[in-house]
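Structure record follows, encoded as structure tokens.
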Amino acid sequence: MRGSHLMSLTTLLFATATASQQDVIDDVLGRLEKATFFFENQFGQINLDGVVGYIILQAELKESVRIWPEADLASQLSTAVNLTQRLDHSLAQAVDALQKTDPKYFREFEPLLEASFWTVPHEWDTSDPTLAYTAFRMMECYDEQLSDKCISLLLGTWKDNGTPCIVTKACRDTMTRFGCPHYSLSHQLLYFMVGKMRGCSNILEGERRQSRANMTDRDYQKMFCSNMMKSNAEFVRKGFPGQTRDIFIENIMLCGLAGFSDFYKSDWLQNILLWQDLGVGCFGKDEKDIAQLFGEDEVENKQVHKRVKRREKTLCDGCSSHMTGVAVSALGGYLNYYLTEQDITKRPLT
């Protein structure tokens with residue numbers, strides 16, 4: 001009798017948690033619908049970084065549809081299918097617009113504008129707090145042009161019919177430097193992720209530092225995400241000072257896509273949902289308000305980690321192109337993670 005009661009209680013708890021999870025999936029899908037509506041109306045104004053975010057979302061949605069559990073609500077699956085179809089249409093238009101408005105940047109990063117380029121994780125790892133740096137460097141480590149060049153060398157887009165997977169000493173040294181903060185750190189991770197997805201296996205060739213002789217590309221990814229976890233925890237603790245919401249979401253998006261499940265925290269998801277403009281569907285309006293409140297000079301003095309201007313684009317309604325892109329791909333990551341982790345007895349949601 002006692003065993004039967006315990007089994008009934010376990011079943012009830014599982015059903016309650018599953019129902020709660022279904023509610024979260026409903027929320028995520030609803031917010032993605034609003035963000036997709038925004039994209040359909042603004043795709044011609046969104047820059048390449050923002051479009052890439054929607055491309056990653058498309059890859060995550062297609063994978064979610066593929067693995068959708070049969071027992072789950074048919075209406076949710078129908079919504080996800082509808083979103084993929086709408087994005088297929090609007091993304092084709094957006095990519096065509098980018099090719100016309102920014103042909104050089106388009107050529108350099110064209111492979112990233114295919115949903116098939118992006119690999120969605122099926123197995124999960126967690127970050128390791130023992131890998132966190134004692135302190136971050138005060139300044140960003142990378143130069144914007146160098147970062148673009150390093151990624152184009154991996155992609156093979158550095159010239160017409162260029163050889164891919166080229167790794168220069170400057171790129172390797174910059175992308176493996178420890179202690180880098182914020183956007184330098186996330187771009188170091190992105191560099192290794194792009195290399196893996198492009199099929200490059202030579203990023204660490206020529207490494208002469210004995211202390212890193214046995215480090216693999218996955219070791220570097222874990223190192224970077226462990227420090228991105230440290231950064232995010234600090235942002236939360238300080239109440240998201242300055243313009244740190246954008247890098248907070250970017251860290252979740254990239255490390256989640258790299259397969260680190262501890263970035264998909266439920267309270268972090270609630271923060272992302274809170275920052276969406278429900279009337280328009282975009283993200284980043286509050287970030288713009290902060291800059292106006294302090295003034296551009298004061299923002300710089302407070303070291304609040306502004307995006308470099310070429311990578312950011314504030315749209316006519318005050319939305320951030322970059323923050324909207326990373327937010328929708330982060331939400332797509334949450335959706336995919338929740339669907340692959342249906343058995344709550346294996347890995348409870350945190």
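Annotations
- Applying a threshold of 18 Å to the alpha-carbon distances of 34/285; 104/285; 169/230; 196/222; 196/265; 159/196 flags 104/285; 169/230; 196/265; 159/196 as lying beyond it.
- Debye, to nearest 20: dipole size of the stretch 2-340, +1 on Lys, Arg Cβ, -1 on Asp, Glu Cβ: 860 debye
- Inverse mean reciprocal Cα-Cα distance (Kirkwood Rh) of the stretch 2-340, Å: 20.9 Å
- Taking 197, 138, 228 and counting other C-beta atoms within 10 Å, the order from fewest to most: 138, 197, 228
- Residues 67, 46, sorted so that the one with the fewest Cβ neighbours within 10 Å comes first: 67, 46
- Sorting 173, 246 by the number of Cβ atoms found within 10 Å of their own Cβ, with the fewest placed first, yields 173, 246.
- Here is the list for the stretch 194-240: GluC sites (Glu not before Pro) lying in DSSP coil, each with at most 16 other C-beta atoms within 10 angstrom of its C-beta, are 205, 207.
- One decimal place: the segment residue 124-residue 143 gains 3.7 nm when fully extended, by the rule 0.36 nm per residue minus the C-alpha distance.
Bear in mind these aren't lab numbers, they're just calculated from the coordinates by the rules spelled out. For clarity, every value in this text was computed on a predicted model and none was experimentally measured. We place every Cβ from the backbone using ideal geometry, glycine too, and count neighbours over all the protein chains shown.
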